[in-house]
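Q: Take this structure, written in structure tokens, and hold onto it; I'll ask about it next.
Coordinate-derived values only; no laboratory data. Model, not experiment: these values are computed from the prediction. Here the Cβ is made from the backbone with ideal geometry for all residues, glycine too, and neighbour counts use every protein chain on show.
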Amino acid sequence: MPTDRITAETLKGWPKGKPLLALTAYDYPLGRILDEAGVDLIHVGDSLGMVVLGMPDTTGVTMADMIRATEAVVRGRKRAMISADLPAGSYDTAEACVKNSNALLAAGADAVKPEGGEESRSQWEALGKAGIPWIGHLGMLPQKVREEGGYKRKGKTPEEVAKLIREAKEMQRSGACAIVLELVDAEASKEITEALQVPTIGIGAGKGTTGQIRVTHDLLGLTPWFKPGFVKQDLGFAGKIAAMVKGFRRSGSAGLG
């Protein structure tokens, strides 16, 4: 293992004020590119269901999908920490949560990420007792998108903020090495971050979190049919690929020779 490898313990003790950069990957080339570029945390997200497999949301992603993607990303990693989502339906009980988390660790992940606060307490407490590194996820829960009727911002009322802070502190006590805050009000995210010792990782949660995570495909512009509001600019790769194909067409595919 390289001496500068980022581990779950490294993440858990991330210095206050030090930026933390996290991006997603689902295959070997992208995992290797991100690792060599210096990304701190590569997350194998169940967002692969939408950006790779063409699903309408993340709820159809399976453990087999996550294991294969994790194995691929791990092959390209030298320095970055790798976390992996527990997909919907894989952690309905504490026992299933531990079993499937161990499968992701066997695939090479350094930590797993279940979604949910108090409703998932038995699951993340079981992870802590089993000594499995894990990352919490509060705020908007993509795996609950159908139940909630869309992607809705959280932490907009004092009651919601108090609940999020309480859940975050309980996660920290149970061993979480970081907590993702998704679509949480910016001021609430800042309050939660200040109340914790472990880092927070925001997505659509303002600038007050320890670090940020983005779906790399969104930043590359590979999914122009779906653009999250918090991605202000992308690299336009979809247009570049289309232009390349049109160029090959005009040249009679000579450029492929």
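Q: Could you give the length gained by full extension between LYS163 and LYS16, i.e. 0.36 nm per residue of separation minus their alpha carbon distance, to one decimal place?
A: On the way: separation 147, 0.36 × 147 = 52.92 nm, distance 2.32 nm.
Taking 0.36 nm per residue and subtracting the Cα distance, the gain is 50.6 nm.
Q: Can you find, among THR62, PRO29, GLY49, the residue sitting farthest towards the positive end of the charge dipole of segment 8-220, where Lys and Arg contribute +1 and Asp and Glu -1 at Cβ?
A: Farthest towards the positive pole: PRO29.
Q: State the Cα centre-to-centre distance between segment 1-37 and segment 129-172 in whole Å.
A: 23
Q: For the pair GLU148 and ALA238, what calculated FRET efficiency results from E = 1/(1 + (r/R0)^6), where r is the Cβ-Cβ distance and R0 = 35 Å, to the nearest 0.05?
A: Details: r = 29 Å, r/R0 = 0.83.
Computed FRET efficiency for ALA238 and GLU148: 0.75.
Q: Provide the per-residue ³J(HN,Hα) series for segment 136-145, in order, calculated from phi with Karplus coefficients 6.51, -1.76, 1.60 and θ = phi - 60°, each as a whole number of Hz, with x at glycine and proline positions.
A: Those phi angles translate into x, 8, 10, x, 5, 10, x, 6, 9, 4 Hz.
Q: Once you charge only the Cβ atoms, +1 for Lys and Arg and -1 for Asp and Glu, what is the size of the charge dipole of the chain about its Cα centre, to the nearest 20 debye? Display every interim value, and only then the final one.
A: Working: 33 positive and 31 negative charges, 184 e Å.
That gives the chain a dipole magnitude of about 880 debye.
Q: Dipole of the chain (Lys/Arg Cβ +1, Asp/Glu Cβ -1, origin at the Cα centre): which of ALA107, TYR151, PHE248 lies farthest to the positive side?
A: Farthest towards the positive end: PHE248.
Q: On to the next question. Mind computing the radius of gyration and Dmax over the alpha-carbon atoms of segment 8-220? Å is fine for both.
A: In order Rg, Dmax, the Cα atoms of segment 8-220 give 15.6, 45 Å.
Q: Among GLY117, GLY139, GLY236, whose mean-square fluctuation peaks in a Gaussian network model of the chain (Cα, cutoff 10 Å)?
A: Of GLY117, GLY139, GLY236, the most mobile in the Gaussian network model is GLY236.
Q: Modelled label-to-label distance, GLU118 and GLN197, 7 Å Cα→beta-carbon offset: nm?
A: 2.5
Q: Using modelled amide H (1.01 Å from N, peptide plane; none on Pro or chain starts), what sits under 5 Å from the amide H of VAL44, excluding residues fewer than 5 places away?
A: Placed amide hydrogens put ALA25, SER83, ALA84, ASP85 under 5 Å from VAL44.
Q: Amide H to amide H, which residues 5 or more places from TRP134 or on other chains are under 5 Å from it, using H placed in the peptide plane?
A: Here VAL112, CYS177 satisfy the definition.
Q: Taking the beta-carbon count within 10 Å as an exposure proxy, list SER83, SER120 from fewest neighbours to most.
A: On the way: SER83 29, SER120 22.
So the residues, fewest neighbours to most, are SER120, SER83.
Q: When SER174, SER101 are ordered from fewest to most other Cβ atoms inside 10 Å of their Cβ, what list results?
A: Numbers: SER174 16, SER101 26.
In order of increasing Cβ crowding within 10 Å: SER174, SER101.
Q: LYS99 versus MET55, label points 7 Å from Cα toward the beta carbon: distance in nm?
A: Taking the simple label geometry, LYS99 and MET55 are separated by 1.9 nm.
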